[in-house]
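Here is the structure we will look at.
The values are calculated or read from the model by the stated rules, or taken from the named source; none is laboratory data. The model shown is predicted, which means the values in this text are computed figures rather than measured ones. Virtual Cβ from ideal backbone geometry, glycine too; neighbours counted across all protein chains shown. When the accessible area is computed, the model is the full protein with side chains, heavy atoms only, and any ligands, DNA or RNA have been set aside. Shrake-Rupley method; radii C 1.70, N 1.55, O 1.52, S 1.80 Å.
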Amino acid sequence: MINSMALEEKVGQIFIVAFRKGKLSQPLKVLSSSAKQQIQKFNPGGVILFSENIDTISQTRKLIQDMQEISKIPMFIAVDEEGGRISRIGNNEKMHSTKIPSAYTIGLANDSVLAYQAGKILGAELSALGFNMNFAPVADVNTNPDNPVIGDRAFGSDPYKVAAMVQEMTRGMQEHNVCTVLKHFPGHGDTSYDSHLGQVVINHDIERLRQIELIPFEKGILSGADGVMTAHIMLPNITDDNLPATLSDEILTGLLRNKLKHQKLIITDAMEMKAISNYWSSSEAAVMAFKAGADIILMPDSLDKAYNGILEAVKNGEITEERLNESLRRILTVKLERNILENKESPVDPEEVLGKQEHLDIVERIKQKAGE
């Protein structure tokens, strides 16, 4: 496949994009002509759907099918479905899906079998709708009570407990061919500021990271997680480059690829977040993240500028085509392993899978065990 692809097609594969709103700023629930044009023009490797895109079961399934149909290479269809408050599907009553408890509740239950079953529920329900990638589980260790972004999204403050839950949820989800993406590397659990709003600095040294933050990521990688998402946090006591982890070669290639031996996908957190977009243009940020070791650029502030920035960097030799092909090989290998390239419709009826009794019973057990 790689050998038969034009350079422009190769560059498109490294982007996952969002189409939250249509032309008149209304939520995009059907494939609009402008979204269609963008998919056909840029050939993105994936699309992420948000609450704005998700209304009913039949509408969501059709939107996904329509997007896949016009895409030359079948796409990652991603979502943030962590359970708890970050649940684009679970928090929509019309979807009647199983409401997975927050990671904190699953952590309180502290039962790896139940964590595995929660992962299986997510995998079964997401894949029935046509999703094949979930930006979950959160592998952050919640060590800062003032944390504005993580809190109950983490399984707890004990790195070994978090690691066990991460491992099992990963296993359960991927059994249904839904790629899991561990986040936010190398650990967003000890921040007291939100990287959606601006720069976040963490002053830990590498020893502290090894003892706490990295443990869940290491275990998740060992259990075969398809992806790891980067955090836009600065770690001045670990890197010399004064850059957020997303743009840092020392973090992405040095630590994640070489030390932790993560062979699969490295995906940036949303590049439109202020910790990135306030300081770098879409084009600069995309090129820097890719050169640092990222395979997939998520939600650039401007797809056009980010895409052309990468294309230009390959054409002028700043990024070698060999390096581009490395990421492409990882992307297409995951798509192959998860049967995404076949682009077959799910054989199960989502109406019957979402929120079925067996799933609800497992959630009940998790809550009971957590004492909720």
Problem set entry | Cβ-defined net charge surrounding Asp55, 15 Å radius [Lys, Arg +1; Asp, Glu -1] | +3
Exercise. Which cross-chain or sequence-distant (5 or more) residues have an amide H under 5 Å from the amide H of Leu298, H modelled 1.01 Å from N in plane?
Worked result: Ile16, Thr268, Met271
For this session: Treating cross-link reach as a plain straight distance, find the aspartates and glutamates whose alpha-carbon is under 12 Å from the alpha-carbon of Lys29, omitting any fewer than eight places away in the same chain.
Result: Glu52, Asp55, Asp66
Exercise. How many angstrom lie between the C-alpha centres of region 242-275 and region 1-67?
Worked result: 25
Seminar exercise, completed: Among trypsin sites (Lys or Arg not before Pro) in region 202-282, those in a DSSP loop whose Cβ has at most 16 other Cβ atoms within 10 Å are Lys261
For this session: Sort out for me the Cα centre separation of region 118-197 from region 323-340, rounded to whole Å.
Result: 22
For this session: If a/c stays under 1.5 just call it rounded; otherwise compare a/b with b/c (prolate if a/b is bigger, oblate if not). Do that for region 242-328, with a ≥ b ≥ c from the square roots of the Cα gyration tensor eigenvalues.
Result: oblate
Exercise. Counting alpha carbon pairs within less than 8 Å and at least 6 residues apart, what relative contact order, in whole percent, applies to the chain?
Worked result: 18
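Dipole of the chain, Cα-centred, from +1 at each Lys and Arg C-beta and -1 at each Asp and Glu C-beta, to the nearest 20 debye? List each step's numbers first, then the result.
On the way: 40 positive and 50 negative charges, 112 e Å.
It comes to approximately 540 debye.
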For this session: Given the peptides 296-302, 107-113, arrange them by the average over their residues of other C-beta atoms within 10 Å, most packed first.
Result: 296-302, 107-113
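Do the alpha carbons of any pairs in Lys261/Lys291; Lys219/Lys261; Lys36/Lys274 sit beyond 20 Å of each other, and which pairs?
Pairs exceeding the cut-off: Lys36/Lys274.
When each pair of different Cα atoms in region 50-98 is counted once in the 1/r mean, what is the Kirkwood radius in angstroms, to one decimal? Spell out each step's value before the answer.
Numbers: mean 1/r = 0.0859 Å⁻¹.
For region 50-98, inverting the mean 1/r across all distinct Cα pairs yields 11.6 Å.
For the chain, what is the accessible area per residue in Å² when the probe is 1.4 Å?
On the way: 14710 Å² over 372 residues.
On a per-residue basis, the chain sits at 40 Å².
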For this session: Any aspartates and glutamates with Cα under 12 Å of the Lys264 Cα? List them, leaving off those in the same chain fewer than 8 positions away.
Result: Asp226, Asp295, Glu326, Glu337
Exercise. Shape call for region 137-216 from the C-alpha gyration tensor, a ≥ b ≥ c root eigenvalues: rounded (a/c under 1.5), prolate (a/b greater than b/c) or oblate?
Worked result: prolate
Problem set entry | Under-5 Å amide H pairs with Leu182, H placed in peptide plane, nonlocal only | Gly227, Val228, Met229
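Cα gyration tensor of the chain, axes a ≥ b ≥ c as square roots of the eigenvalues: rounded (a/c below 1.5), prolate (a/b > b/c) or oblate?
Details: a/c = 1.62, a/b = 1.08, b/c = 1.50.
Oblate.
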Problem set entry | Solvent-accessible area of Tyr116 with every protein chain in place, 1.4 Å probe, in Å² to the nearest 10 | 50
Exercise. At Asn343 and Glu69, where each label point lies 7 Å from the Cα along Cα→Cβ, what is the point-to-point distance in nanometres?
Worked result: 1.1
Exercise. Using unit Cβ charges (K, R positive; D, E negative) and no other charged atoms, how large, in debye to the nearest 20, is the dipole of region 43-185 about its Cα centre?
Worked result: 220
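With all protein chains present, how much of the accessible area of the chain (probe radius 1.4 Å) comes from carbon and sulfur, to the nearest whole percent? Numbers along the way, then the final one.
On the way: 6920 of 14710 Å².
Using a 1.4 Å probe with all protein chains present, the chain comes out at 47 percent carbon and sulfur.
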For this session: Send over the semi-axes of region 161-314's equivalent ellipsoid, whole angstrom and largest first, taken as the square roots of 5 times the C-alpha gyration tensor eigenvalues.
Result: 24, 19, 14
Problem set entry | Two-site label geometry, Asn91 and Ser281: point separation in nm, points 7 Å out along Cα→Cβ | 3.5
